[in-house]
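The structure under discussion appears below in the form of structure tokens.
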């Protein structure tokens, strides 16, 4: 008895969902629901800028940093295994009405330049392998902090050389294209804006 009631409830829900989907499909076919809710540039800008800073890729990098400060009276040496994260994407808040052109079902967008949005060390995985101070040298408490800052810059440079910016642009275009195609546009064309 309970199984029959449960099956009737499931069938009723499925019929309701099918009815709603069928109704929406008919409404779209007859023109009651417009195919594209984005009728003008300012509406598209508001929708796309709602994504704000679109971070599209994250690299996790590891680098060994050796710092040696040798003087005639002794040496300071630090060896650091830096494990860090570099993120990149596109700042969509920089879009202006001049960057978007709409012609029926086609939208042309000039995207701002891709950029590295964040670089930081993963402190749980970053470790100092060695920190030695020469016999006549004073212990430099800021040395480890300085080497960590150098590690962040080295990770930023390594990510650039590995192609993080090109990857960020490619992924941003894929994600925005999916969003705009789902919004009713039939063709999406991207170009690079020279900032």
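The values are calculated or read from the model by the stated rules, or taken from the named source; none is laboratory data. Since this is a predicted model, take the numbers as computed values, not measurements. FYI the Cβ positions are ideal-geometry reconstructions off the backbone, even for glycines, and counts take in every protein chain you see.
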- Item | Test: residue in segment 85-98 that is crowded, with 18+ Cβ neighbours inside 10 Å, in the same structural domain as residue 142 (by TED's automatic domain parsing) and closer than 23 Å to residue 145 by Cβ | yes
- Task: Say whether the condition of being buried (at least 16 other Cβ atoms within 10 Å of the Cβ), in contact with a strand residue (DSSP E or B) (Cβ under 6 Å, 6 or more places away or on another chain), modelled with pLDDT under 90 and not in a helix (DSSP H, G or I) is met by at least one residue in segment 174-187.
- Result: yes
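In this structure, does residue 82 turn out to be crowded, with 17+ Cβ neighbours inside 10 Å and under 21 Å from the mean Cα position of the chain (by Cα)?
Taking the combined requirement at face value, the residue does not satisfy it.
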- Item | Top-ranked residue of segment 91-129 - restricted to ones that are touching a helix residue (DSSP H, G or I) at 6+ places or on another chain (Cβ under 6 Å) and not in a strand (DSSP E or B), ranked as nearest to residue 193 (Cα to Cα) | 112
- segment 163-177 residues that are over 18 Å from residue 59 (Cα atoms), paired with ones that are part of a helix (DSSP H, G or I) (beta carbon under 8 Å, 6 or more apart): 176/48
